[in-house]
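Novice: If you scroll down you'll find the structure; I have some questions about it.
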Amino acid sequence: MNSIILGIESSCDESSLAIVRGGREVLANVTARQEEVHKRWGGIVPELASRKHAESLLPVTELCLEQAGLSVDMVDAIAVTNRPGLMGSLIVGVSAAKALAYATKKPLIPVNHLEAHLASVFLEFEGDIAYPALGLIISGGHTSLYRIEQDFLKFTLLGHTRDDAAGEAFDKGARLLDLPYPGGPAISNLALKGDANAIDFPRALPSKNTLDFSFSGLKTSLVNFLRTDHGQSNADIAASFQEAIADALVRKTKQALERDHYRSVVVAGGVSANTRIREKLTNALTLKINLLIPDLKYCTDNGAMIAAMGDILYKRKEYLQGSEFYSLRPSARTELKGKVS
Ligand code: KG4
Ligand code: ZN
């Protein structure tokens, strides 16, 4: 049966709602971005993010239903990100989802944001995922490698960042280069005009003994570089900085593949929208293994990925009904839901 799931995402700075049929057919995906609100502060201000979600969620819900040509009664269940994320932002989304589910007597599906990032590939590639899969999440808050077992039933954490996430490195690097927030797209655009080999920024933790990442040294190295009288263009600096992040991600992914047997690789999260990273991963891996990266519109936070993950959980009957809603709490904790070995 093709269920219709409404997905609500508000864990960070995007208020996004989507309606997805059968886990892959996106009937509507509407996002209210908050870049204009946070830009002047050079990063996300949590209190402003929560307030903006409170303002945006209702109009975004109305627009989403209108675009899908559905009334809320025609939806089978409501999925919402309840972890991890900014606490205030999560509270707004979870409260809205509870109210909607309670008023319409629909099941409520709590979704882990990180599982949802990985599930975004189902919006296009469902038939192609072969298990076990290696999952690489690269976002503003996380940089982690997971082993994913059959049908998203079990995730084993293999490595994660010891300090900054890849997206955080882009955002901090951009700030140092006086580029606007979010830093990823800004650095990526500037890098198009630069030479990626101009500056040899460090690639941390090269050893095969760990699948952890580290990006804070790269940021410090950029700070130190900018203090010198370097005479290098900002485009060259941006391209070299981006190259260092890309190399670190490719290296650890390859090391993970050498350690164990996998039948596909799934890459997801906001940073997977980066053209150079997509290109380098593709060049390094496609001849060896099936590489799945979501379409650009599903890389950064979106409601469709929440609905896609919601569909998987709905089929497994992992949802709450009626009075069970009271037990649903938002959580800032990172781990994938009860499945990390
Ligand atoms: O997944 P996401 O939307 O939110 C989190 O779950 O954190 O990721 C946001 C991050 C930001 O750090 C942003 O700078 C980065 O993704 N990002 C990019 C690109 N687009 C977004 N980083 C590099 N290149 C891009 N094109
Ligand atoms: Zn995200």
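Novice: Which trypsin sites (Lys or Arg not before Pro) from the range 195-285 combine a DSSP loop assignment with at most 16 other Cβ atoms within 10 Å?
Specialist: Of the trypsin sites (Lys or Arg not before Pro), the ones in loops of the range 195-285 whose Cβ has at most 16 other Cβ atoms within 10 Å are 208, 263.
Novice: If you average the sequence gap of Cα pairs under 8 Å that are 6 or more apart and divide by the length of the chain, what percent do you get for the contact order?
Specialist: 25
Novice: When the expected Rg is taken as 2.2 N^0.38 Å, what fraction or multiple of it is the alpha-carbon Rg of the chain?
Specialist: 0.99
Novice: Follow-up question, since we're still on this one. Report, please, the projected area of the range 48-206 averaged over directions, based on the convex hull of its C-alpha atoms, in nm².
Specialist: Averaged projected hull area, Cα only: 13.0 nm².
Novice: Mind checking the alpha-carbon convex hull of the range 137-195 and giving the volume per residue in Å³?
Specialist: Each residue corresponds to 118 Å³ of Cα convex hull volume.
Novice: Another question about this same structure. Per-residue ellipticity at 222 nm for the chain, helices alone: DSSP H runs ≥ 4 residues times -39500 (n - 2.57), over residue total, nearest 500 deg cm²/dmol?
Specialist: Rounded to the nearest 500, it is -13000 deg cm²/dmol.
Novice: What Rg and what Dmax come out for the range 246-341 when only alpha-carbon atoms are used, in angstroms?
Specialist: For the range 246-341, the Cα radius of gyration and maximum Cα-Cα distance read 16.9, 51 Å.
Novice: Hydropathy first: keep DSSP H helices in the chain averaging at least -1.0 on Kyte-Doolittle, then drop any whose Cα extent along the axis falls short of 30 Å, and list what survives.
Specialist: 46-68, 234-259
Novice: Here's something else I'd like to know. Within a Cβ distance under 12 Å of residue 105, other residues only, what is the Lys/Arg minus Asp/Glu net charge?
Specialist: Cβ neighbours under 12 Å give a net charge of -1.
Novice: State, to one decimal in nm, how far the label point of residue 128 lies from the label point of residue 51, with both points 7 Å from Cα in the Cβ direction.
Specialist: Result: 4.4 nm between the two label points.
Novice: Counting alpha carbon pairs within less than 8 Å and at least 6 residues apart, what relative contact order, in whole percent, applies to the range 1-144?
Specialist: Relative contact order of the range 1-144: 25 percent.
Novice: In angstroms, what radius of gyration and Dmax does the range 54-106 have, counting Cα atoms only?
Specialist: 11.5, 32
Novice: Eigenvalues of the Cα gyration tensor times 5, then square-rooted: what semi-axes does that give for the range 128-293, in whole angstrom, largest first?
Specialist: Values for the range 128-293, descending: 29, 15, 14 Å.
Novice: In addition: When every alpha-carbon pair in the range 1-137 is counted, what percent end up more than 24 Å apart?
Specialist: Percentage above 24 Å: 31.
Where a number appears in this text, it was derived from the coordinates with a stated rule and is not lab data. These numbers come from a predicted model, not from an experiment. Virtual Cβ from ideal backbone geometry, glycine too; neighbours counted across all protein chains shown.
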